[in-house]
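Here's the structure, in structure tokens; my notes come after.
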């Protein structure tokens, strides 16, 4: 499970470097997210721009990560590919998560809200 994290503008940006988050890697995804989000930050932006496929197990893993960060930290999503965005829309999870077009948009919004 390839995840890369860096602190940018007060947010922890975690880039998923995988084409799929599915039943085969959902548990590893949750475990790695727990490791990389140990760094302090109030916002965690999950860059999913490389993810082309997300099944129900993958969606469940993303939701589990969101719940593990709450209530003191929030998980935001960015860069959803069309197939992944459709999963969030069909399950209405797009109403639960703050979704940004890309990481830059997420960081810009954070700067606007901070000032």
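The structure shown yields log10 I(q)/I(0) by the Debye sum over Cα atoms at q = 0.12, 0.23 Å⁻¹, and of the options (1) -0.54, -1.15; (2) -0.36, -1.47; (3) -0.80, -1.24 that calculated value carries the label (2). Using just its DSSP H runs of length 4 or more, each adding -39500 (n - 2.57), the chain gives a mean residue ellipticity at 222 nm of -12500 deg cm²/dmol after division by all residues.
Quick check: from the Cα gyration tensor, does segment 26-79 come out rounded (a/c under 1.5), prolate or oblate?
The shape class here is prolate.
Evaluate the relative contact order of the chain (contact order divided by residue number), counting alpha-carbon pairs under 8 angstrom at least 6 apart; express in whole percent.
Details: 191 pairs, mean separation 30.1, N = 115.
Reported as a whole number, the value is 26 percent.
Antiparallel versus total DSSP beta bridges in the chain: what percent is that, nearest 5? Working shown, then result.
On the way: 6 of 21 bridges.
Just about 30 percent of them are antiparallel.
Just to confirm my numbers, what's the Cα centroid distance between segment 82-102 and segment 43-64 in Å? Segment 82-102 and segment 43-64 have Cα centres spaced 10 Å from each other. To the nearest ten degrees, helix 56-69 and the longest principal axis of the Cα atoms of the chain are 30 degrees apart.
Each reported figure results from applying straightforward, stated rules to the coordinates on display, with no laboratory input. What you are looking at is a predicted structure, and each value in this text was computed from that prediction instead of being measured.
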